[in-house]
Amino acid sequence: MRYYSLNNPQITTSFKEAAIQGIAEDKGLYFPMEVPRLDKVFFDNIKQLSKEQIALEVITPFVGDDIDQDELLQIVTETLAFDFPVVPIDKDVYTLELFHGPTLAFKDIGAGFMSRCLRSFVKGKKEKVTILVATSGDTGGAVAHGFYDVEGIEVVILYPKGKVSSIQEKQLTTLGKNIKAIEVEGSFDDCQAMVKKAFLDAELKECRLTSANSINVARWLPQMFYYFLMYKELQHLDKPLVVSVPSGNFGNICAGMLAQKMGLPIVHFIAATNANDTIPRFFSNKAYAPKQTIETISNAMDVSDPSNFVRILELFAKDAAELHQDLSAYSFTDAQTLAMIKEQYQKDGYMLDPHAAVGYLGIKEYVKQHHNFTGVFLGTAHPVKFPECIEDLLKIEIPIPEELKEIMNGKKKSTVIKNYEELKNVLLK
């Protein structure tokens, strides 16, 4: 499989080089030259397949010969080494829990897959690769864990100072070794802009920078896995499948829509956003007009200029009208989010994190005009990662899972910066 830059289709590369480079030299995101269609027999037999077999079938066309099949199978096996439960929430409504990995967030899948691919690519090489990544919350923790102590790879994580939860910050700042955390006095969009600028800075070429955000194909593509695993569990249902995805940088929902183009029978997607409503407004007035980022309790979605939306447009040949047939987008306030968390907990004791609550609100909004479907919203993070809002709201204390206890006692190590020049100095050192 070859990949081309969305800024210039004449710039092409392999999966391996796209994963190492992160973005193209012209600042464009890489996109696969073709979208393979999976055979009908694959879907007919999916119930009999293991999650590893499903993932291998899905990802092989995108990796090609850059990783041999035995090693690729090992990579997907290690990546998927935890559960992906589909939990009934209400009549015809389910949640797909994606927070049973090592850092309790859906980013564990993409970060785990990418770290193992890069480990394979740099193995035995003298030069180090530097992972430079911006995070609004969960990406940083998953990347830090995925690349921790991996030989030949340094990791620099930028996050907006004071705008991630206490547990998310612990996951970013306590590991040490090859993981360096940088607090930026600004928003996630400021962090992301610095990362993109660094990639194009000729003076940083020797740093061999790459990204572990969903702009990197090796982080973006494996997110398709759990959409197929979800279908495996629900294919026996006779109603059309609609999926609501809590959306910030739009990499997750873009992966789901790529899976749909490969033949996965999902009839419609819902992009459920918080107050950062660039895409809902785009569907309303056809103008892509990011505003200043708004800080919310669903902080991993505090993104006003989502990088991956350009990939979604590419999937639909930049035809917004055709895209709108397959995608709806709704925005919700913090007040609505908190009310949803409280309502669900009082109903049956099931605890939603703020992002899952936004996803559920997306289903509830969609059902106002559409009927006779099975709705699934993604549970993208464990509620324990957001104690500041949930514990006060529900008047409870969320038990700390074993996976987090050691991190909670760790000592914070970080560097505070104000601008790009300060980041550049850190990288050059």
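The values are calculated or read from the model by the stated rules, or taken from the named source; none is laboratory data. What you see is a predicted model, and the numbers here were worked out from it, not measured in a lab. Don't worry about glycine lacking a Cβ; one is built from the backbone with ideal geometry, like all the others, and counts go over all protein chains shown. Remember, those area values only see protein heavy atoms, side chains included, never the ligands or the DNA or RNA. Shrake-Rupley method; radii C 1.70, N 1.55, O 1.52, S 1.80 Å.
Within the set Thr130, Thr95, the sole residue that is in contact (Cβ under 8 Å) with a residue 60 or more places away in the chain, under 25 Å from Lys412 (Cα atoms) and either of a type in the set (Val, Ile, Thr) or out of contact with any strand residue (DSSP E or B) (no Cβ under 8 Å at 6 or more places or on another chain) (or both) turns out to be Thr130.
Taking the conditions (1) loosely packed, with under 13 Cβ neighbours inside 10 Å; (2) touching a Cys at 6+ places or on another chain (Cβ under 9 Å) in turn, Leu427 satisfies each one other than (1).
Quick one: which helices (runs of 4 or more DSSP H) lie wholly within the range 335-428 and hold at least 1 residues that are within 26 Å of the chain's Cα centre (by Cα) and farther than 26 Å from Tyr159 by Cα? Before you say what the answer is, go through the steps one by one.
On the way: elements: 354-366, 387-394, 402-408, 420-428.
By residue number, 354-366.
Restricting attention to the range 39-64, and to residues there that are within 28 Å of Glu17 (Cβ to Cβ) and of a type in the set (A, V, I, L, M), which single residue is surrounded by the most Cβ atoms within 10 Å (Cβ to Cβ)? The selected residue is Ala55.
Suppose we filter Ser307, Ser284, Ser298 for residues that are surrounded by fewer than 16 Cβ atoms within 10 Å (Cβ to Cβ) and either closer than 18 Å to Gln192 by Cα or among the small types (Gly, Ala, Ser) (or both); which single one remains?
Details: Ser307 fails: surrounded by fewer than 16 Cβ atoms within 10 Å (Cβ to Cβ); Ser298 fails: surrounded by fewer than 16 Cβ atoms within 10 Å (Cβ to Cβ).
The unique qualifying residue is Ser284.
On the stretch given as the range 103-142, residues that are assigned to a helix (DSSP H, G or I), at pLDDT 85 or above and closer than 18 Å to Gln223 by Cα total 12. The single condition among (1) more than 27 Å from Asp138 (Cα to Cα); (2) open to solvent by less than 20 Å² (accessible area, probe 1.4 Å); (3) in contact (Cβ under 8 Å) with a residue 60 or more places away in the chain that Ile67 does not satisfy is (3).
When Thr296 is tested against (1) assigned to a loop (DSSP other than H, G, I, E, B); (2) touching a Ser or Thr at 6+ places or on another chain (Cβ under 7 Å); (3) closer than 15 Å to His355 by Cβ, just one condition goes unmet, and that condition is (2). Picking from residues in the range 152-177 that are touching a helix residue (DSSP H, G or I) at 6+ places or on another chain (Cβ under 9 Å) and among the basic types (Lys, Arg), the one that is nearest to Glu403 (Cα to Cα) is Lys170.
So, in the range 70-82, how many residues would count as being open to solvent by 60 Å² or more (accessible area, probe 1.4 Å) and either closer than 17 Å to Ile109 by Cα or touching a helix residue (DSSP H, G or I) at 6+ places or on another chain (Cβ under 8 Å) (or both)? Steps first, please.
Within the range 70-82, the first condition is being open to solvent by 60 Å² or more (accessible area, probe 1.4 Å), and the residues that meet it are 70, 73-74, 78, 81.
Pick out the ones that are also either closer than 17 Å to Ile109 by Cα or touching a helix residue (DSSP H, G or I) at 6+ places or on another chain (Cβ under 8 Å) (or both) and you get 73-74, 78, 81.
Within the range 70-82, residues that are open to solvent by 60 Å² or more (accessible area, probe 1.4 Å) and either closer than 17 Å to Ile109 by Cα or touching a helix residue (DSSP H, G or I) at 6+ places or on another chain (Cβ under 8 Å) (or both) number 4.
Per-residue answers, yes or no, for (1) open to solvent by less than 10 Å² (accessible area, probe 1.4 Å); (2) of a type outside the set (Lys, Arg); (3) out of contact with any helix residue (DSSP H, G or I) (no Cβ under 9 Å at 6 or more places or on another chain):
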site	(1), (2), (3)
Leu96	yes, yes, no
Arg119	no, no, no
Leu132	yes, yes, no
Gly140	yes, yes, no
Val143	yes, yes, no
Val150	no, yes, no
Ile179	no, yes, no
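Picking from residues in the range 157-173 that are open to solvent by less than 10 Å² (accessible area, probe 1.4 Å) and at pLDDT 90 or above, the one that is farthest from Lys123 (Cα to Cα) is Pro160.
From the set of residues in the range 203-238 that are more than 24 Å from Phe147 (Cβ to Cβ) and modelled with pLDDT of 95 or more, which is most open to solvent (accessible area, probe 1.4 Å)? The selected residue is Glu233.
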